[in-house]
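Take a look at the structure below.
The values are calculated or read from the model by the stated rules, or taken from the named source; none is laboratory data. Not measured: the values here are computed from a predicted model. Note that each Cβ is placed from the backbone with ideal geometry, even for glycine, and that neighbours are counted across all protein chains shown. Surface areas here come from the heavy atoms of the whole protein model, side chains and all, with no ligands, DNA or RNA. Shrake-Rupley method; radii C 1.70, N 1.55, O 1.52, S 1.80 Å.
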Amino acid sequence: MNSGKTSTLDALIQKLLAKGYHLLFPTNVANITSFVICEKDEHRIGIITFGDPTSESDVEGCLEECLNYNCDTIFAASRTRGSVYNLLYHFATTNGYTTIETSPLFAFQFWTTGISISTLHQLFANMLSELI
């Protein structure tokens, strides 16, 4: 909770669009909310930026869309345990995806360290994009 999952995945979406990925869902950048599917060179990526408790049915719907679009890679946010985590793990094993668990870069009380939280999100988005 409040550890930067959504902000990091939002930074990843912007990075991929800057690298020439185009949106399949939604089709317009102005309509990006918390779920996108993008493509470049026939490689499709789904990104689900939410995953807190009570979002299970929404996450499940996004995962089904990723299957419908034949996504090769799916990035999803969740806590390290709980129903959304279990849903993601079950989806991955049932549908032949390999899971890689990671945590966003986080600096406790970053405002006292002089570290820009935005910089941390960008750094981690760079690392995630290297997994593609």
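Regarding D58, is this residue under 19 Å from I13 (Cβ atoms), at pLDDT 95 or above and not β-branched (V, I, T)? In short, yes. Checking each residue in segment 38-90 for being in a loop (DSSP other than H, G, I, E, B), loosely packed, with under 15 Cβ neighbours inside 10 Å and either free of Cβ contacts under 8 Å to residues at least 12 places away in the same chain or β-branched (V, I, T) (or both) picks out D41, E42, T54, T80, R81. Within segment 91-105, restricting attention to residues that are under 12 Å from G4 (Cβ atoms) and surrounded by 15 or more Cβ atoms within 10 Å (Cβ to Cβ), the residue that is modelled with the highest pLDDT is P104. In segment 115-132, what count of residues is obtained for those that are open to solvent by 70 Å² or more (accessible area, probe 1.4 Å) and either of a type in the set (G, A, S) or at pLDDT 85 or above (or both)? Residues in segment 115-132 being open to solvent by 70 Å² or more (accessible area, probe 1.4 Å) and either of a type in the set (G, A, S) or at pLDDT 85 or above (or both): 5 in total. So, in segment 1-10, of the ones that are open to solvent by 40 Å² or more (accessible area, probe 1.4 Å) and assigned to a loop (DSSP other than H, G, I, E, B), which residue ends up nearest to F124 (Cα to Cα)? Within segment 1-10, the match that is nearest to F124 (Cα to Cα) is N2.
Residues are listed down the side, and each one gets a yes or a no for (1) in contact with a Phe, Trp or Tyr (Cβ under 9 Å, 6 or more places away or on another chain); (2) polar (S, T, N, Q):
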residue: V36; (1), (2): yes, no
residue: T49; (1), (2): yes, yes
residue: Y69; (1), (2): yes, no
residue: G82; (1), (2): no, no
residue: G96; (1), (2): no, no
residue: I100; (1), (2): no, no
residue: T113; (1), (2): no, yes
residue: S116; (1), (2): yes, yes
residue: L123; (1), (2): no, no
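Within segment 11-27, the residues that satisfy the criterion of being buried (at least 18 other Cβ atoms within 10 Å of the Cβ) and either within 13 Å of the chain's Cα centre (by Cα) or among the β-branched types (V, I, T) (or both) are A11, L12, I13, L16. Filtering segment 17-30 to residues that are free of Cβ contacts under 8 Å to residues at least 40 places away in the same chain and out of contact with any Phe, Trp or Tyr (no Cβ under 9 Å at 6 or more places or on another chain) leaves L17, A18, G20, Y21, H22, L23, T27, N28, V29, A30.
Report, ordered by the first and then the second residue, all pairs with beta carbons closer than 9 Å, sequence separation of six or more or different chains, a first member in segment 117-128 that is of a type in the set (V, I, T), and a second member that is assigned to a helix (DSSP H, G or I) and open to solvent by less than 60 Å² (accessible area, probe 1.4 Å). Filtered contacts from segment 117-128: I117/S7; I117/F110.
Is at least one residue of segment 31-47 at negative phi, of a type outside the set (S, T, Y) and modelled with pLDDT under 95? Within segment 31-47 (the criterion being at negative phi, of a type outside the set (S, T, Y) and modelled with pLDDT under 95), the answer is yes, since at least one residue qualifies.
Open to solvent by 40 Å² or more (accessible area, probe 1.4 Å), part of a helix (DSSP H, G or I) and among the hydrophobic types (A, V, I, L, M, F, W, C), is that true of A30? Yes.
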